[in-house]
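> Before I ask anything, let me first share the structure, which is written out below as C-alpha cells.
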Amino acid sequence: MVITLDKIDMAILREMLANCRASYRAIARRTGLSPNAAKNRVENLIEGGAITRFVVKLDTKAAGAGCFLGFVLTDGTESIQDFLSCIGENPMVFHASELLCITGGAYLVAGEHPSSAMLDEYEAFLRTLEEVQSVEFHPMHSTDAGQGLKAKFTGIQLKVLKCLFQNPRMQINEIAEMTGMASKTVRRALKELMDGGKVMLSASIDPPAVGIVDIFFRITWNNEMISVDELIEWLWSEYPNRLWYPWISESEKVIFADFFVGSLLEAETIAKQIRESPFVVSSTLLVTLSAAKFPYYPEVKLKEILDDAGV
C-alpha cells in the first residue's frame, strides 16, 4: 500500500511517537480534524504499515542511555539481509538500514547506548567482520541522556506497565479488569508514569514501508554565520512537512537531518536547496534502502524490570 504523507499525517506520526495513547479527540484538536477523521487517519497509517507497532519503554535517560548513529562501509560481498541481522543483534541497536552506495556496501545503524565503553566494544566488533572496510560512529548530543535516572516504580505502576507491555494502547477499563484495580487507580497510575518522565508510550515508525523515501542529509555549517540551533530552526521552518528529526553529533560539527520525502526527485531538489544555502559548508545526501527494526534498548530494560519484579 503506497500512500502520500501530508502535513497532517506527519503531525499524527509525531504525536504517536511522543504518546501512542493520545486520544483521537486530542489528535483532532492538534490537527484541525474531527475525531472520526483523526481515527481514520491513524487506522490508515497502521494498515498501510507506516506505524508498525506501539511500544512502552523506559525514557532514554531513565535507562541511563544516550543515542548514536553509526555508518558501516563494506566491500559489497555480504548478504544484505544477513548483514542487517548481524549488525542488529547488539541490544543497543533499534534500526539498521542499507544505504544507496556507488561501490561496495554502506549501512546506517541507530541505537541507544548505556555507556561509551559499550559503544566502543560494538564498534570494535563491527571492525572484526570480514566484509567491513570502515566504521564511523557518532554519539548524539543530549543535555541529559546517559545520566541514568533510577527508574523505580510502585507495585501499582508495575501492574499497569505489565498490561501496557502487552498492549500500549490498552483501554483503562481493560487494564482495570486485568489487574482487579479501580479505573480511577489505573488512570492515576498512568498519569504518574507519563508525568514522571521515566516511561515513553511510543510507536515504531516505518514510512518506507508505504513508499515514502527515508533520507539523511549529513550537514556541516559555517559556525560564524549560524549556530547549530539556528540551523535546525531553519530546517524546521523550510521543511516542516518533510524534516523528521535532526541528529546532532557530539563528536564532530555535523548534524544528520532525517527527512521523509515522496520521491528521489524531491530529495534531489531539497539537497540542492540545502547545499546552496550560504551558511552550509557541505551537505551529503544519504538514501536508505532495505531496513530492519529491532527492540529498543530501553524497551528491553523495562522488560527486565518487570521480570525481576515478578508481576
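> For the chain, what is the calculated [θ] at 222 nm in deg cm²/dmol (nearest 500), taking -39500 (n - 2.57) for each run of four or more DSSP H residues and dividing by its residue count?
On the way: 11 runs with 124 residues, N = 311.
After summing the helix terms and dividing by residue count, I get -12000 deg cm²/dmol.
> Report the residue, chosen from L13, L126, L84, that carries the largest GNM mean-square fluctuation when the chain is represented by alpha-carbon nodes joined by springs under 10 Å.
Residue with maximal mean-square fluctuation among L13, L126, L84: L126.
> While we're here: Can you tell me the relative contact order of the chain? Whole percent, Cα pairs under 8 Å, sequence separation 6 or more. Spell out each step's value before the answer.
Values: 552 pairs, mean separation 86.0, N = 311.
Relative contact order of the chain: 28 percent.
> Among the GluC sites (Glu not before Pro) in the stretch 167-224, which ones are in a DSSP loop with at most 11 other Cβ atoms within 10 Å of the Cβ? Mind listing them?
Numbers: sites: E174, E177, E192, E224; in loops: E224.
Counting only loop positions with at most 11 other Cβ atoms within 10 Å, the GluC sites (Glu not before Pro) in the stretch 167-224 are E224.
> Determine which lysines satisfy two conditions relative to K162: a Cα distance under 29 Å, and not lying fewer than 8 residues away in the same chain.
K39, K57, K61, K150, K152, K184, K191, K198, K293, K301, K303
> Here is a further query. Using a Förster distance of 41 angstrom, determine the FRET efficiency expected from the C-beta separation of C101 and K39, and round it to 0.05.
0.50
> Around T77, under 9 Å between beta carbons, what's the net of Lys plus Arg minus Asp minus Glu among the other residues?
Around T77, the surrounding residues sum to -4.
> Could you work out the relative contact order of the stretch 82-176? I mean the mean sequence separation of Cα pairs under 8 Å and 6+ apart, divided by the number of residues, in percent. Write out the running numbers ahead of the final one.
Working: 56 pairs, mean separation 13.5, N = 95.
This gives 14 percent for the stretch 82-176.
> Moving on. Under a plain spin-label model, where a point goes 7 Å from the Cα along Cα-to-Cβ, how far apart in nm are T269 and W234?
Distance between label points: 2.1 nm.
> How much net charge surrounds E112 when only the other residues with a Cβ under 12 Å from the Cβ of E112 are counted, with Lys and Arg +1 and Asp and Glu -1?
In short, +1.
> If you keep only loop residues by DSSP, which trypsin sites (Lys or Arg not before Pro) in the stretch 222-311 have at most 11 other Cβ atoms within 10 Å of their Cβ? Intermediate values should be presented prior to the final figure.
Details: sites: R242, K253, K272, R275, K293, K301, K303; in loops: R242, K253.
Passing both the DSSP loop test and the Cβ count: no residue.
> Suppose every Lys and Arg Cβ carries +1 and every Asp and Glu Cβ carries -1, with no other charges. What dipole size does the chain come out with about its Cα centre, to the nearest 20 debye?
My answer is approximately 1860 debye.
> Could you compute the FRET efficiency for T154 and Y245, with r as their C-beta to C-beta distance and R0 at 30 Å, rounded to 0.05? List each step's numbers first, then the result.
Values: r = 33 Å, r/R0 = 1.09.
Efficiency at R0 = 30 Å is approximately 0.35.
> Using alpha-carbon pairs under 8 Å, 6+ residues apart, how would you state the relative contact order of the stretch 7-48 in percent?
34 percent
> Here's a follow-up. GluC sites (Glu not before Pro) within the stretch 225-311: which are DSSP loop residues with at most 12 other Cβ atoms inside 10 Å?
E252, E276
> Within the set of other residues whose C-beta is less than 15 Å from the C-beta of F279, count the net charge using Lys and Arg as +1 and Asp and Glu as -1.
-4
Here, each number is a calculation from the coordinates, and none is a lab measurement. Every value quoted in this text rests on a predicted model; they were computed, and no experiment measured them. As a convention, Cβ positions derive from the backbone with ideal geometry for all residues, glycine included, and neighbour counts pool all protein chains shown.
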